[in-house]
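The structure appears right after this line, and notes come after that.
The values are calculated or read from the model by the stated rules, or taken from the named source; none is laboratory data. No experiment lies behind these values; they were computed from the predicted model shown. We place every Cβ from the backbone using ideal geometry, glycine too, and count neighbours over all the protein chains shown. Protein only, heavy atoms only, side chains kept; ligands, DNA and RNA dropped before computing areas. Shrake-Rupley method; radii C 1.70, N 1.55, O 1.52, S 1.80 Å.
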Amino acid sequence: MIQSMTGYGKHVLQLSNKKITVELKSLNSKNLDINARIPQAYKSKELPLRKLIADGLTRGKIDFGLYVEMTGEETSAEINTAIVKKYMEQLGEIAHGDQVKLLELALRMPDTLKTDKEELDEAEFESIQDTVLTALENINLFRTEEGNVLEKDFTERIKTIAVLLEQVKSIDPERVAVVKERLEKSVSELKVEVDANRFEQELIYYLEKYDITEEKVRLANHLNYFKETLATADSNGKKLGFICQEIGREINTIGSKANYAPMQQLVVQMKDELEKIKEQLLNVL
């Protein structure tokens with residue numbers, strides 16, 4: 001089972017006087033990179049929230065947003081006028097629009113409300129942690145569903161490469177015969193006498209250089225190993241990437257040894273399928 005690094009998770013916490021929304025978005029990355037957007041009043045809890053996310057997500061570029069909307073009638077919160085104006089100025093520089101629309105956008109940005117409450121209530125923070133955990137469950141479910149789609153695609157493409165390999169095997173005797181005939185014709189065109197035994201030895205030596213028996217066996221083994229790794233319980237994107245490198249090495253060697261157009265055409269098709277796998281593997285955990 002594999003997981004995609006692309007995902008989205010969201011959960012909303014409704015308290016008596018506020019609505020807290022947690023959003024998690026992820027894209028592919030070699031390591032875990034968390035970008036957090038948290039209101040100033042909750043900054044003291046950023047590190048434990050980051051750790052919570054790091055424990056739930058192993059890799060990916062993560063955008064974490066904590067948004068607070070006051071809903072109670074009685075509140076000590078006030079609009080932070082200076083920050084709102086600054087947001088409106090910056091938004092106006094990016095895209096021109098009426099002031100009401102810019103105000104609506106600005107009020108959605110962090111720290112637009114200020115409050116006299118300094119200490120974050122521990123019960124509220126525990127609820128926020130539970131909300132983050134639920135958002136993590138949602139994003140991991142999203143990643144798993146995306147991974148299932150990728151797994152089906154990989155399976156079909158590996159199957160296609162295996163079919164092409166069988167075609168390579170089937171035309172290999174014909175290829176060897178054509179290469180041998182080509183060599184014999186070239187020698188006959190020289191119009192010189194050659195020692196038959198010596199020529200046969202040289203011919204065998206030459207054909208051995210173009211033998212692809214080992215490459216065919218290794219390629220088949222790598223394809224099977226890819227499928228076995230794909231079916232494991234863990235998501236092994238990096239390992240699958242290494243296997244793809246080995247698959248590509250064998251395909252390239254077959255192509256360099258082919259010296260026969262029909263086989264080279266099959267090699268091009270195998271390379272095309274492999275490149276599509278490699279592109280998608282960038283999104284796999």
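Observations
- Taken over region 105-136, the criterion of being under 38 Å from the mean Cα position of the chain (by Cα), modelled with pLDDT under 85 and surrounded by fewer than 13 Cβ atoms within 10 Å (Cβ to Cβ) is satisfied by 108 alone.
- Here region 204-263 is the region considered, the condition is being among the acidic types (Asp, Glu) and in a loop (DSSP other than H, G, I, E, B), and the residue that is nearest to the chain's Cα centre (by Cα) is 234.
- Residue list for region 244-261, filter: surrounded by fewer than 16 Cβ atoms within 10 Å (Cβ to Cβ) and hydroxyl-bearing (Ser, Thr, Tyr): 256
- Residue match in region 81-100 (condition: in contact with a Gly (Cβ under 9 Å, 6 or more places away or on another chain) and either touching a residue at least 12 places away in the same chain (Cβ under 8 Å) or open to solvent by 90 Å² or more (accessible area, probe 1.4 Å) (or both)): yes
- Checked across region 48-66, the condition of being surrounded by 13 or more Cβ atoms within 10 Å (Cβ to Cβ), modelled with pLDDT under 85 and not in a loop (DSSP other than H, G, I, E, B) holds for no residue.
- Cross-chain or 6+ apart pairs with Cβ under 7 Å, region 164-187 first and over 11 Å from residue 260 (Cα atoms), then at pLDDT 90 or above and open to solvent by 80 Å² or more (accessible area, probe 1.4 Å): 164/269
- Of the residues making up region 19-44, those that are surrounded by fewer than 16 Cβ atoms within 10 Å (Cβ to Cβ) and of a type in the set (D, E, K, R) are 19, 30, 33, 37, 43.
- Filter result (open to solvent by 90 Å² or more (accessible area, probe 1.4 Å), modelled with pLDDT of 70 or more and either under 30 Å from residue 60 (Cα atoms) or of a type in the set (A, V, I, L, M) (or both)) within region 187-243: 225, 227, 228, 234, 238, 242
- The numbered conditions (1) open to solvent by 50 Å² or more (accessible area, probe 1.4 Å); (2) within 21 Å of the chain's Cα centre (by Cα) are all true for residue 153 except (1).
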